[in-house]
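The values are calculated or read from the model by the stated rules, or taken from the named source; none is laboratory data. Everything numeric in this text was worked out from a predicted model, so none of it was measured. Positions of Cβ are backbone-derived with ideal geometry, glycine not excepted, and every protein chain shown enters the neighbour counts. In case anyone asks, the SASA skips ligands and DNA or RNA and just uses the protein heavy atoms, side chains included. Shrake-Rupley method; radii C 1.70, N 1.55, O 1.52, S 1.80 Å.
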Amino acid sequence: HPGIEMIGETVREVVCNGEKHAQAIYELSRKYPSKASTVIMDLTVEAEAFGSVIEFPENDMPNVLGTLVDASSVETLEVPSLSSGRIQEYLLANKRAVELIKDRPVFAGVIGPFSLAGRLYGMSEIMVDCYLDPDAVTMLLEKCTKFIEAYCLELKKTGCMGVIMAEPAAGLLSNEDCMQFSSVYIKEIVEKVQDDSFMVVLHNCGNTGQCTEAMLATGAKAYHFGNAVSMTEVLEQCPKDTLVMGNIDPVGVMRMMTPEGVAKEVTALLEQTSQYPNFVLSTGCDVPPNVPEANIRAYYDALAAYNSR
(Lines give C-alpha, C1' and ligand atoms only; values in the text may rest on other atoms or scores of the structure.)
Protein backbone atom coordinates (compact mmCIF):
# COMPACT_ATOMS: atom_id res chain seq x y z
CA HIS A 1 0.00 0.00 0.00
CA PRO A 2 2.75 2.55 0.67
CA GLY A 3 4.06 1.84 -2.84
CA ILE A 4 0.61 2.51 -4.33
CA GLU A 5 0.49 5.83 -2.51
CA MET A 6 4.02 6.67 -3.69
CA ILE A 7 3.08 6.39 -7.38
CA GLY A 8 -0.17 8.31 -6.90
CA GLU A 9 -2.51 5.51 -7.95
CA THR A 10 -5.59 4.00 -6.37
CA VAL A 11 -5.69 0.49 -4.97
CA ARG A 12 -8.41 -0.40 -7.49
CA GLU A 13 -6.26 0.67 -10.43
CA VAL A 14 -3.12 -1.13 -9.25
CA VAL A 15 -4.76 -4.49 -8.44
CA CYS A 16 -6.18 -4.53 -11.98
CA ASN A 17 -3.04 -3.40 -13.83
CA GLY A 18 0.13 -5.50 -13.68
CA GLU A 19 2.39 -2.74 -15.00
CA LYS A 20 1.30 -0.21 -12.36
CA HIS A 21 1.41 -2.93 -9.71
CA ALA A 22 5.07 -3.66 -10.56
CA GLN A 23 5.87 0.05 -10.54
CA ALA A 24 4.51 0.38 -6.98
CA ILE A 25 6.65 -2.54 -5.80
CA TYR A 26 9.70 -1.13 -7.59
CA GLU A 27 9.31 2.32 -5.98
CA LEU A 28 9.09 0.67 -2.57
CA SER A 29 12.30 -1.24 -3.25
CA ARG A 30 14.09 2.00 -4.15
CA LYS A 31 13.02 3.71 -0.94
CA TYR A 32 13.27 1.06 1.78
CA PRO A 33 16.01 -1.53 2.48
CA SER A 34 13.83 -4.64 2.65
CA LYS A 35 15.64 -7.94 2.12
CA ALA A 36 13.03 -8.97 -0.47
CA SER A 37 10.24 -7.37 -2.46
CA THR A 38 6.76 -8.81 -2.34
CA VAL A 39 3.82 -8.24 -4.63
CA ILE A 40 0.47 -7.18 -3.18
CA MET A 41 -1.30 -9.71 -0.97
CA ASP A 42 -4.65 -9.90 -2.76
CA LEU A 43 -6.76 -12.80 -1.54
CA THR A 44 -9.49 -12.31 -4.16
CA VAL A 45 -7.53 -13.08 -7.33
CA GLU A 46 -7.96 -16.86 -7.27
CA ALA A 47 -11.60 -16.70 -6.16
CA GLU A 48 -12.33 -14.31 -9.03
CA ALA A 49 -10.73 -16.78 -11.46
CA PHE A 50 -13.17 -19.44 -10.25
CA GLY A 51 -16.08 -17.07 -10.90
CA SER A 52 -16.70 -15.24 -7.61
CA VAL A 53 -18.10 -11.71 -7.76
CA ILE A 54 -15.54 -9.17 -6.56
CA GLU A 55 -16.11 -5.67 -5.17
CA PHE A 56 -13.35 -3.16 -5.92
CA PRO A 57 -13.23 -0.23 -3.46
CA GLU A 58 -11.27 2.78 -4.64
CA ASN A 59 -8.61 2.67 -1.93
CA ASP A 60 -8.97 -0.60 -0.09
CA MET A 61 -8.36 -4.21 -1.06
CA PRO A 62 -11.00 -6.02 -3.15
CA ASN A 63 -13.63 -8.17 -1.42
CA VAL A 64 -15.39 -11.38 -2.41
CA LEU A 65 -19.17 -10.91 -2.49
CA GLY A 66 -21.37 -13.85 -1.58
CA THR A 67 -20.56 -17.51 -2.18
CA LEU A 68 -20.03 -19.43 -5.40
CA VAL A 69 -20.72 -23.07 -4.50
CA ASP A 70 -22.34 -25.29 -1.89
CA ALA A 71 -22.18 -29.01 -1.18
CA SER A 72 -24.58 -29.77 -4.03
CA SER A 73 -22.64 -27.88 -6.69
CA VAL A 74 -18.99 -28.57 -5.83
CA GLU A 75 -18.86 -31.55 -8.19
CA THR A 76 -19.72 -29.45 -11.24
CA LEU A 77 -17.32 -26.61 -10.35
CA GLU A 78 -14.63 -26.36 -13.01
CA VAL A 79 -10.99 -25.60 -12.28
CA PRO A 80 -10.39 -22.37 -14.21
CA SER A 81 -7.63 -21.66 -16.70
CA LEU A 82 -4.83 -19.22 -15.93
CA SER A 83 -6.39 -16.76 -18.37
CA SER A 84 -9.34 -16.20 -16.03
CA GLY A 85 -9.97 -12.99 -14.10
CA ARG A 86 -6.90 -10.95 -13.20
CA ILE A 87 -4.44 -13.86 -13.09
CA GLN A 88 -2.56 -12.62 -16.15
CA GLU A 89 -2.20 -9.14 -14.62
CA TYR A 90 -0.65 -10.67 -11.50
CA LEU A 91 1.69 -12.79 -13.59
CA LEU A 92 2.67 -9.62 -15.44
CA ALA A 93 3.21 -7.78 -12.14
CA ASN A 94 5.63 -10.46 -10.99
CA LYS A 95 7.47 -10.63 -14.32
CA ARG A 96 7.92 -6.87 -14.49
CA ALA A 97 8.92 -6.61 -10.81
CA VAL A 98 11.65 -9.20 -11.41
CA GLU A 99 12.86 -7.20 -14.43
CA LEU A 100 12.89 -3.91 -12.51
CA ILE A 101 14.26 -5.03 -9.14
CA LYS A 102 17.82 -6.32 -9.46
CA ASP A 103 19.19 -5.99 -5.92
CA ARG A 104 16.90 -8.38 -4.00
CA PRO A 105 14.60 -11.36 -4.59
CA VAL A 106 10.97 -10.86 -5.56
CA PHE A 107 8.28 -12.99 -3.94
CA ALA A 108 4.91 -13.67 -5.51
CA GLY A 109 1.75 -14.21 -3.51
CA VAL A 110 -1.05 -16.78 -3.60
CA ILE A 111 -3.90 -17.77 -1.35
CA GLY A 112 -3.83 -21.11 0.46
CA PRO A 113 -6.26 -23.92 -0.43
CA PHE A 114 -8.46 -23.78 2.68
CA SER A 115 -8.70 -19.98 2.58
CA LEU A 116 -9.65 -20.13 -1.12
CA ALA A 117 -12.21 -22.86 -0.47
CA GLY A 118 -13.71 -20.74 2.32
CA ARG A 119 -14.12 -17.80 -0.05
CA LEU A 120 -15.89 -19.95 -2.62
CA TYR A 121 -18.04 -21.88 -0.14
CA GLY A 122 -18.51 -19.33 2.66
CA MET A 123 -16.43 -19.46 5.83
CA SER A 124 -19.29 -20.30 8.20
CA GLU A 125 -20.53 -22.96 5.79
CA ILE A 126 -17.17 -24.63 5.27
CA MET A 127 -16.43 -24.69 9.01
CA VAL A 128 -19.69 -26.56 9.56
CA ASP A 129 -19.29 -28.91 6.59
CA CYS A 130 -15.78 -29.92 7.60
CA TYR A 131 -17.78 -32.05 10.04
CA LEU A 132 -21.17 -32.54 8.36
CA ASP A 133 -20.06 -33.05 4.75
CA PRO A 134 -16.28 -33.56 4.65
CA ASP A 135 -16.50 -35.26 1.25
CA ALA A 136 -17.80 -32.06 -0.38
CA VAL A 137 -15.14 -29.98 1.36
CA THR A 138 -12.43 -32.43 0.30
CA MET A 139 -13.57 -32.31 -3.33
CA LEU A 140 -13.48 -28.51 -3.28
CA LEU A 141 -10.03 -28.48 -1.66
CA GLU A 142 -8.70 -30.81 -4.34
CA LYS A 143 -9.91 -28.42 -7.06
CA CYS A 144 -8.48 -25.39 -5.25
CA THR A 145 -5.16 -27.18 -4.82
CA LYS A 146 -4.98 -28.10 -8.49
CA PHE A 147 -5.50 -24.47 -9.49
CA ILE A 148 -3.07 -23.00 -6.93
CA GLU A 149 -0.40 -25.49 -7.99
CA ALA A 150 -0.79 -24.53 -11.67
CA TYR A 151 -0.68 -20.83 -10.73
CA CYS A 152 2.48 -21.30 -8.64
CA LEU A 153 4.22 -23.12 -11.48
CA GLU A 154 3.36 -20.23 -13.80
CA LEU A 155 4.55 -17.68 -11.23
CA LYS A 156 7.81 -19.60 -11.01
CA LYS A 157 8.35 -18.97 -14.74
CA THR A 158 8.29 -15.19 -14.14
CA GLY A 159 11.65 -15.43 -12.39
CA CYS A 160 10.48 -14.69 -8.87
CA MET A 161 12.35 -16.54 -6.14
CA GLY A 162 9.36 -17.88 -4.27
CA VAL A 163 5.77 -17.43 -3.24
CA ILE A 164 4.16 -16.30 0.00
CA MET A 165 1.12 -18.50 0.49
CA ALA A 166 -1.49 -16.81 2.69
CA GLU A 167 -3.61 -19.35 4.55
CA PRO A 168 -5.20 -17.29 7.36
CA ALA A 169 -8.51 -19.19 7.42
CA ALA A 170 -6.68 -22.34 8.53
CA GLY A 171 -5.94 -20.50 11.77
CA LEU A 172 -9.58 -21.06 12.70
CA LEU A 173 -9.00 -24.82 12.81
CA SER A 174 -7.56 -27.10 15.46
CA ASN A 175 -4.14 -28.57 14.76
CA GLU A 176 -5.70 -31.90 13.69
CA ASP A 177 -8.23 -30.23 11.40
CA CYS A 178 -5.61 -27.86 10.01
CA MET A 179 -3.56 -30.91 9.08
CA GLN A 180 -6.54 -32.60 7.38
CA PHE A 181 -8.09 -29.63 5.59
CA SER A 182 -5.07 -27.44 4.86
CA SER A 183 -1.58 -28.82 5.43
CA VAL A 184 -1.89 -32.01 3.37
CA TYR A 185 -2.93 -29.91 0.36
CA ILE A 186 -0.21 -27.31 0.88
CA LYS A 187 2.31 -30.14 1.14
CA GLU A 188 1.19 -31.35 -2.31
CA ILE A 189 1.85 -27.90 -3.74
CA VAL A 190 5.19 -27.53 -1.93
CA GLU A 191 6.41 -30.87 -3.27
CA LYS A 192 5.56 -29.81 -6.84
CA VAL A 193 6.91 -26.24 -6.86
CA GLN A 194 9.59 -25.82 -4.19
CA ASP A 195 13.24 -26.41 -5.08
CA ASP A 196 16.67 -24.81 -4.61
CA SER A 197 15.63 -21.75 -6.65
CA PHE A 198 12.01 -21.34 -5.52
CA MET A 199 10.76 -21.38 -1.95
CA VAL A 200 7.32 -21.44 -0.38
CA VAL A 201 6.75 -19.12 2.58
CA LEU A 202 3.63 -20.21 4.47
CA HIS A 203 1.81 -17.28 6.07
CA ASN A 204 -0.93 -17.95 8.62
CA CYS A 205 -1.85 -14.85 10.59
CA GLY A 206 -4.95 -16.64 11.89
CA ASN A 207 -2.85 -19.09 13.89
CA THR A 208 -2.93 -18.27 17.59
CA GLY A 209 -0.39 -20.99 18.36
CA GLN A 210 -2.64 -24.03 18.20
CA CYS A 211 -1.76 -25.14 14.66
CA THR A 212 1.95 -24.37 14.31
CA GLU A 213 2.69 -28.10 14.23
CA ALA A 214 0.34 -28.53 11.27
CA MET A 215 2.01 -25.61 9.47
CA LEU A 216 5.42 -27.26 9.86
CA ALA A 217 4.09 -30.49 8.34
CA THR A 218 3.77 -28.75 4.95
CA GLY A 219 7.52 -28.77 4.34
CA ALA A 220 7.67 -25.09 3.38
CA LYS A 221 11.11 -23.49 3.58
CA ALA A 222 9.86 -20.53 5.64
CA TYR A 223 6.97 -19.70 7.96
CA HIS A 224 5.41 -16.29 8.48
CA PHE A 225 3.40 -15.56 11.63
CA GLY A 226 0.92 -12.86 12.57
CA ASN A 227 0.82 -10.81 15.74
CA ALA A 228 -1.61 -13.22 17.46
CA VAL A 229 1.29 -15.47 18.50
CA SER A 230 4.38 -15.14 20.67
CA MET A 231 7.34 -15.05 18.31
CA THR A 232 9.64 -16.73 20.82
CA GLU A 233 7.15 -19.55 21.38
CA VAL A 234 6.84 -20.38 17.69
CA LEU A 235 10.61 -20.06 17.21
CA GLU A 236 11.02 -22.75 19.87
CA GLN A 237 8.74 -25.03 17.85
CA CYS A 238 10.27 -24.39 14.43
CA PRO A 239 13.36 -26.15 13.04
CA LYS A 240 16.53 -24.10 13.37
CA ASP A 241 17.30 -24.48 9.66
CA THR A 242 13.96 -22.94 8.65
CA LEU A 243 13.36 -19.22 8.28
CA VAL A 244 10.74 -17.89 10.70
CA MET A 245 9.25 -14.46 10.03
CA GLY A 246 7.04 -11.99 11.89
CA ASN A 247 5.33 -10.32 13.64
CA ILE A 248 5.05 -6.55 14.27
CA ASP A 249 1.35 -5.58 14.34
CA PRO A 250 0.67 -3.82 10.99
CA VAL A 251 -2.29 -1.84 12.32
CA GLY A 252 -1.81 -1.44 16.07
CA VAL A 253 1.88 -0.60 15.72
CA MET A 254 2.73 0.43 12.16
CA ARG A 255 -0.36 2.51 11.51
CA MET A 256 -1.46 3.70 14.94
CA MET A 257 1.73 4.31 16.93
CA THR A 258 4.20 7.18 16.80
CA PRO A 259 7.61 6.59 15.16
CA GLU A 260 9.08 6.32 18.67
CA GLY A 261 6.51 3.67 19.54
CA VAL A 262 7.30 1.70 16.38
CA ALA A 263 11.03 1.80 17.13
CA LYS A 264 10.40 0.60 20.69
CA GLU A 265 8.28 -2.35 19.52
CA VAL A 266 10.77 -3.38 16.84
CA THR A 267 13.72 -3.20 19.24
CA ALA A 268 11.85 -5.20 21.88
CA LEU A 269 11.02 -7.96 19.38
CA LEU A 270 14.61 -8.11 18.14
CA GLU A 271 15.89 -8.40 21.70
CA GLN A 272 13.39 -11.16 22.51
CA THR A 273 14.42 -13.16 19.45
CA SER A 274 18.17 -12.46 19.58
CA GLN A 275 19.12 -16.08 20.29
CA TYR A 276 17.41 -17.35 17.12
CA PRO A 277 19.60 -16.89 14.01
CA ASN A 278 16.76 -18.10 11.75
CA PHE A 279 14.46 -15.21 12.73
CA VAL A 280 13.60 -12.59 10.10
CA LEU A 281 11.92 -9.36 11.19
CA SER A 282 8.65 -8.64 9.41
CA THR A 283 5.22 -7.22 9.99
CA GLY A 284 2.63 -9.79 11.03
CA CYS A 285 0.58 -9.24 7.87
CA ASP A 286 0.42 -6.83 4.94
CA VAL A 287 0.87 -3.15 5.76
CA PRO A 288 -2.50 -1.36 5.32
CA PRO A 289 -3.20 1.95 3.55
CA ASN A 290 -2.26 5.25 5.20
CA VAL A 291 0.66 4.04 7.31
CA PRO A 292 2.80 7.15 8.04
CA GLU A 293 6.07 7.20 6.14
CA ALA A 294 7.84 8.18 9.36
CA ASN A 295 6.67 4.91 10.94
CA ILE A 296 8.04 2.79 8.10
CA ARG A 297 11.33 4.65 8.32
CA ALA A 298 11.40 4.15 12.11
CA TYR A 299 10.90 0.39 11.59
CA TYR A 300 13.95 0.10 9.32
CA ASP A 301 16.03 2.54 11.38
CA ALA A 302 15.38 0.52 14.53
CA LEU A 303 16.48 -2.66 12.75
CA ALA A 304 19.65 -0.99 11.46
CA ALA A 305 20.44 0.43 14.91
CA TYR A 306 19.98 -2.98 16.54
CA ASN A 307 22.16 -4.73 13.95
CA SER A 308 24.95 -2.18 14.35
CA ARG A 309 25.34 -2.83 18.06
- Message: Need the list of aspartates and glutamates near residue 156 for cross-linking: C-alpha distance under 19 angstrom, and skip anything on the same chain fewer than eight residues off.
- Response: 19, 42, 46, 89, 99, 103, 188, 191, 195, 196
- Karplus couplings for the range 286-303 from phi (6.51 cos²θ - 1.76 cosθ + 1.60, θ = phi - 60°), rounded to Hz, Gly and Pro as x? 5, 6, x, x, 6, 7, x, 4, 4, 6, 5, 5, 5, 4, 6, 5, 5, 5
- Mind grabbing the accessible area of residue 255 for me, 1.4 Å probe, Å², rounded to tens? 90 Å²
- Message: Apply the Karplus curve 6.51 cos²θ - 1.76 cosθ + 1.60, θ = phi - 60°, to the phi angles in the range 164-172 and return the couplings in whole Hz, x for Gly and Pro.
- Response: 8, 9, 8, 10, x, 5, 5, x, 7
- Query: Any idea of the accessible area per residue across the range 1-90, 1.4 Å probe, to the nearest Å²?
  - Reply: 46 Å²
- Query: Could you state the number of Å between the C-alpha centres of the range 73-135 and the range 241-309?
  - Reply: 28 Å
- Message: Quick check of the Kirkwood formula: for the chain, what is the inverse mean of 1/r over all pairs of different Cα atoms, in Å?
- Response: 19.7 Å
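How much of the accessible area of the chain, in percent, comes from carbon and sulfur atoms when a 1.4 Å probe is used?
51 percent
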- Query: Hey, what angle do you get for helix 134-157 against the long axis of the chain, alpha-carbon based, 0 to 90 degrees rounded to 10?
  - Reply: 50 degrees
- Message: Suppose we keep just the DSSP beta bridges with both residues in the chain; what percent of those would be antiparallel, to 5?
- Response: 15 percent
- How much length, in nm to one decimal, is gained on full extension between residue 293 and residue 88, taken as 0.36 nm per residue of separation minus their Cα-Cα distance? 70.7 nm
- Query: When ligands, DNA and RNA are left out and all protein chains stay put, how many square angstrom of accessible area per residue does the range 132-243 have with a 1.4 Å probe?
  - Reply: 39 Å²
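Would you rank 50, 56 by solvent-accessible area, highest first, keeping every protein chain in place and using a 1.4 Å probe?
56, 50
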- Message: Among the listed pairs 192/221; 35/187; 187/221; 20/102, which have their C-alpha atoms separated by more than 21 angstrom in this model?
- Response: 35/187
- Task: Report the GluC sites (Glu not before Pro) located in the range 44-110 that are in a DSSP loop and have at most 11 other Cβ atoms inside 10 Å of their Cβ, or state none.
- Result: 58, 78
- Query: Using a Förster distance of 25 Å, how high is the FRET efficiency between residue 174 and residue 242, based on the Cβ-Cβ distance and rounded to 0.05?
  - Reply: 0.65
- Query: With every protein chain left in place, what is the accessible area of residue 90 in Å² (1.4 Å probe, nearest 10)?
  - Reply: 10 Å²
- Message: Report the gain in length on full extension from residue 267 to residue 208: 0.36 nm times residue separation, minus Cα-Cα distance, nm rounded to one decimal.
- Response: 19.0 nm
- Between residue 124 and residue 73, what length in nm is gained on full extension when 0.36 nm per residue of separation is reduced by their alpha carbon distance? 16.7 nm
